[in-house]
1. Considering only the stretch 143-153, state which residues are at pLDDT below 90, part of a loop (DSSP other than H, G, I, E, B) and surrounded by 15 or more Cβ atoms within 10 Å (Cβ to Cβ).
2. Which condition does VAL111 not pass, out of (1) closer than 27 Å to GLY160 by Cα; (2) β-branched (Val, Ile, Thr); (3) modelled with pLDDT of 95 or more; (4) in a strand (DSSP E or B), if it passes all the others?
3. Please count how many residues of the stretch 79-101 are exposed (fewer than 15 other Cβ atoms within 10 Å of the Cβ) and either modelled with pLDDT of 95 or more or under 17 Å from ARG39 (Cα atoms) (or both).
4. How many of the residues making up the stretch 16-64 are part of a helix (DSSP H, G or I) and surrounded by 18 or more Cβ atoms within 10 Å (Cβ to Cβ)?
5. Going residue by residue through the stretch 79-100, is there one that turns out to be closer than 30 Å to GLU189 by Cα and touching a Gly at 6+ places or on another chain (Cβ under 8 Å)?
6. Out of the stretch 123-139, which residues are of a type outside the set (Val, Ile, Thr) and surrounded by 13 or more Cβ atoms within 10 Å (Cβ to Cβ)?
7. Among the residues of the stretch 65-93, count how many are in a loop (DSSP other than H, G, I, E, B) and either without any contact (Cβ under 8 Å) to a residue 24 or more places away in the chain or in contact with a His (Cβ under 7 Å, 6 or more places away or on another chain) (or both).
8. Can you confirm whether ARG120 is touching a residue at least 12 places away in the same chain (Cβ under 8 Å), surrounded by fewer than 23 Cβ atoms within 10 Å (Cβ to Cβ), part of a helix (DSSP H, G or I) and touching a strand residue (DSSP E or B) at 6+ places or on another chain (Cβ under 9 Å)?
Amino acid sequence: MPTMPPLILGSTSRYRRELLARLRLPFDVAAPAVDETPRPGEAPADLALRLALAKGRDVAARYPDAVVIGADQVCDFDGEPIGKPGTHERAVAQLTRLSGRTAMFQTALAVLRPSTGFERAMLVPVRVQFRALSAAEIERYLKLEQPYDCAGSAKCETLGIALLDAIHSDDPTALVGLPLIRTAALLREAGLDPMMHAA
């Protein structure tokens, strides 16, 4: 079996950590030090791509012999970025706005291997149609799940799926935060084949 370079996930997200573990590759986690403030007039897709690359580059600078994954996700509602609510009140406001509407979740992925000069980033958008939600449904959902660390205030991998009418994506884990089809493809391009290195 080919020797595997160190793999570093440049993210503190437990959701991304759980997703990457599905590829059965040994990896470490490093927290990127990146200011995530949107720039004036920055489109959500551009923000997600910029942050995924910035996170990857920040971690790659510390681990030059590793393959590094950076990722970011921004909820795009009518061209406006909607971030993690942080509080119950903001989550109520987000879900009230999203009720009966469609949002694009812009999931960005970057894979870097400094030792070879490899650096690729891509956007994997997911179109999400929310049901018309009552105030009681929103309150009940937030009480049960407390999704205050999720962009758009909904966890599709658990009860949040019941808030939705449809999800449209060609990479099914993108909405959770790490598009594994694209991740596996970029890792192969970087010289780390998940199928050959999986344990």
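The values are calculated or read from the model by the stated rules, or taken from the named source; none is laboratory data. Because the structure is predicted, anything quoted here is derived from the model rather than measured. Cβ atoms come from the backbone with ideal geometry, glycine included; neighbour counts cover every protein chain shown.
1. CYS150
2. Only one criterion in (1) closer than 27 Å to GLY160 by Cα; (2) β-branched (Val, Ile, Thr); (3) modelled with pLDDT of 95 or more; (4) in a strand (DSSP E or B) is unmet by VAL111, namely (1).
3. 8
4. Counting residues in the stretch 16-64 that are part of a helix (DSSP H, G or I) and surrounded by 18 or more Cβ atoms within 10 Å (Cβ to Cβ) gives 18.
5. Within the stretch 79-100, not a single residue is closer than 30 Å to GLU189 by Cα and touching a Gly at 6+ places or on another chain (Cβ under 8 Å).
6. Across the stretch 123-139, the qualifying residues are LEU123, PRO125, ARG127, GLN129, PHE130, ARG131, LEU133, GLU137, GLU139.
7. Going through the stretch 65-93 one residue at a time, the tally reaches 1.
8. No.
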